[in-house]
Amino acid sequence: MAAVSRAIQAPNMDHHERSAGAFARAIVIALTAFLTVVDLFATQAILPSLTRHYGVSPAAMGFAVNASTMGMAVAGLVVAIFARDIDRRGGILVALILLAVPTALLASAPNLLAFTLLRVAQGLCMAAAFTLTLAYLGEQYNAADSASAFAAYITGNVASNLIGRLVSAGVADQFGLAGNFYFFAVLNLAGAVLVYFTVRKTPPMRAMGPGMGSPPAAWVMHLRNGSLRASFGIGFCILFAFIGTFTYVNFVLVAMPFTLAPMTLGFIYFVFLPSILTTPLAGHAVRRFGTRPTFCGSLALATLGLPLLLTHALPAVLAGMVLVAVGTFFAQAAATAFVGRAATSDRGAASGIYLASYFAGGLAGSAILGVLFDRFGWTACVIGIGVSLAAAAMLAIGLREPTQPAIATP
């Protein structure tokens, strides 16, 4: 553990040592991401069971499950305001410890309102840890290494989508809904333990760059940056599309003609496995082809999967889910790395604004596409997803690479 701890704590070592510790660093970064956001999408694997348990419509349960994105958007903004005063290591540690509380309380949520509020609380804790970790990566890694570091973090996010859903479906099937939430509370505490050992010796970060004033001044500076504004909008559209796809496709797969059982539905999420393999390549793609081509290519790939989602053949639907997952996660990895490079000062604020936009898109997607799904069906929902991906591509055209590389903090 000590060796792994040194690998993540000292990214600015000489070339030989950096090469030797790169794999260990990537594993730690990915595992930290996994344990930070594993609660976010795991619950989607048991959406049909939760819908029956609370006796509500798919749209109502989908909104309740995705209410965590509301908490994440709020927490992203709060961290953006106070980023300069928050110790990275301490903030991440406290957020993960507190995350276990609402996760465990979900096991006994008496009604849909209580369930929704607890999901919001989960989102507050997850986003605090997520935002501070992104700020840490942007501050500790130089421009050459940051894209790969962010890609490793998003890879852990991808893994949480696959493994979290599989585990959630399996645990709920064997031990019930309550057992599922208790199990994930333990995973949250495991994330806190990992951070305690791997980030223990991290020195205080210099969150604000020279010449920066108050937090509102940092916000104004970031929002005046056209490329950053575009990246915030891209983040909104990415999760809008992702939430719409992987929330409401559950109800399609348990209905005719597929009629999948809950445990089988969990195995469906092996569609995220290719994303685990491809997302780490996002950093290499950005360095070789540039940000705009990487964005446009990944969004085009996701769009190609949409017609397949409307077929009545399960292999075709699964192929469509694979393409949407690969494309959106690749775009997310490129977006987070771009924000880290474009914001050369107060990256905590920039990361907070990006994540607030990203998770606001998830909340909007669950609400708007849920209404489309309930009133007009799956086809209307997929059309809405396509509009979101097209909007993201339009925003990507306006991106410009930073004129100066981000400078790592010693």
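Where a number appears in this text, it was derived from the coordinates with a stated rule and is not lab data. Keep in mind the model is a prediction, meaning the values are calculated, not measured.
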Would you mind checking which residues have amide H under 5 Å from Leu260's amide H? H placed 1.01 Å from N; only 5 or more apart, or other chain. Val254, Ala255
May I ask you to derive the relative contact order of the range 238-328, considering only C-alpha pairs under 8 Å and at least 6 residues apart, and to give it as an integer percent? 33
Assuming a viscosity of 0.692 mPa s and a temperature of 37 °C, what translational diffusion coefficient in µm² per second does Stokes-Einstein assign to the range 76-128, Rh being the Kirkwood radius over Cα pairs? 277
For the range 62-110 versus the range 275-349, the gap between their alpha-carbon centres in whole angstrom: 25
